[in-house]
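Comments concern the structure below.
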Amino acid sequence: MNVRGIIFDFGFTLFSFENPSVEKYFDCFNRGMSKSIKVLKQEKIIEDNDQILEDFMTIFNKKRATYFKLAMKTKEEFPTTLLFKTALAMLKEKGYEIQEEKIKEKFLEKLAELYHSCEEEEWKPDDMTRFTLETLSKISNLKIGLISNHPNHKTIKNMLKNNKMKEFFDAIVTSAKFGKRKPISDIFFHTLKRMGLTKNDAEYCIMVGDEAADIIGANRIGMQIILKEREYEFPYEKEINIPNLIRIKSIDEVLQYLN
Ligand SMILES: [Mg+2]
């Protein structure tokens, strides 16, 4: 098969979170939250008062859980910028004074970036990721894309940039920016388009991912699929029932499917 494009998932496909656990994941967000709150206080958007901060955290965490559940159900993405905006508006509704005029889009982006900043330290490219991307980028007429279900676009971009890998991609798409999550077909079509391809090229393209959302979504639109097996099992993992599914353990194994 003459492959025209290859799309990678980010988490546990190209990059891995070191020693993952639910506790570590939440600890990471708590550390990020402290940084975001520090800025909210510095900018005098909220008062430095224990009760307000406690209420803000409660509202934020509740809303985060609601958005998360809704995102799982509807496949719509609720970006972290929206989460901060909504939580601050709800805090105001509770009767607290919030300096709303200071909350501009750029500021929300900063809060979200800080909130996710700990992830930037924890996600590391797999040993063979650079070699694989480098090799693929030398193949003429092959487009390389990335789709990540992540609520903050900047975080994914920062991680690729910090590891000097951004330049390998013809398109970097996140659910945060697109508004919908994998396995929705639209996000795959949108990515193909951004890579300079069309819907008709789908069958000549490969999707590489570690989750049902990657594999089932890409399979549905007729793409070739490769499952990157992950050692760490997610809570509530969805099963993939696709016959003859190609499974790889190391990312460089994709290279043998391109000749
Ligand atoms: Mg993944």
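The values are calculated or read from the model by the stated rules, or taken from the named source; none is laboratory data. Given the structure is predicted, the values throughout are model-derived calculations rather than measurements. Please note: Cβ atoms are built from the backbone with ideal geometry, for glycine as well, and neighbour counts cover all protein chains shown.
Which one of these is out of contact with any Asp or Glu (no Cβ under 7 Å at 6 or more places or on another chain) and under 17 Å from residue 149 (Cα atoms): 44, 85, 62, 69?
On the way: 44 fails: under 17 Å from residue 149 (Cα atoms); 85 fails: under 17 Å from residue 149 (Cα atoms); 62 fails: under 17 Å from residue 149 (Cα atoms).
None of the others qualify; the one that does is 69.
Has region 96-115 got any residue that is in the same structural domain as residue 40 (by TED's automatic domain parsing), of a type outside the set (Val, Ile, Thr), surrounded by 16 or more Cβ atoms within 10 Å (Cβ to Cβ) and more than 21 Å from the chain's Cα centre (by Cα)?
Going residue by residue through region 96-115, those that are in the same structural domain as residue 40 (by TED's automatic domain parsing) are 96-115.
Filter once more, keeping what is of a type outside the set (Val, Ile, Thr): 96-97, 99-102, 104-115.
Going one step further and asking which of them are surrounded by 16 or more Cβ atoms within 10 Å (Cβ to Cβ), we end up with 96, 107-115.
Narrowing further to those that are more than 21 Å from the chain's Cα centre (by Cα): 96.
Scanning region 96-115, I find at least one residue that is in the same structural domain as residue 40 (by TED's automatic domain parsing), of a type outside the set (Val, Ile, Thr), surrounded by 16 or more Cβ atoms within 10 Å (Cβ to Cβ) and more than 21 Å from the chain's Cα centre (by Cα), so the answer is yes.
Could you give me the residue pairs with C-beta distances under 9 Å whose first residue belongs to region 1-24 and is touching a residue at least 40 places away in the same chain (Cβ under 8 Å) and within 10 Å of residue 124 (Cα to Cα), whose second residue is among the polar types (S, T, N, Q) and more than 9 Å from the ligand (Cβ to nearest atom) wherever it lies, and which are 6+ apart or on separate chains?
14/129; 14/132; 15/129; 15/163
Yes or no: residue 29 buried (at least 20 other Cβ atoms within 10 Å of the Cβ), of a type outside the set (Lys, Arg) and either part of a helix (DSSP H, G or I) or in contact (Cβ under 8 Å) with a residue 40 or more places away in the chain (or both)?
It is false that residue 29 is buried (at least 20 other Cβ atoms within 10 Å of the Cβ), of a type outside the set (Lys, Arg) and either part of a helix (DSSP H, G or I) or in contact (Cβ under 8 Å) with a residue 40 or more places away in the chain (or both).
Based on what the data block shows, is residue 142 surrounded by fewer than 22 Cβ atoms within 10 Å (Cβ to Cβ), at negative phi, modelled with pLDDT of 95 or more and in the same structural domain as residue 172 (by TED's automatic domain parsing)?
Numbers: surrounded by fewer than 22 Cβ atoms within 10 Å (Cβ to Cβ): yes; at negative phi: yes; modelled with pLDDT of 95 or more: yes; in the same structural domain as residue 172 (by TED's automatic domain parsing): yes.
Judged against the criteria, residue 142 is a match.
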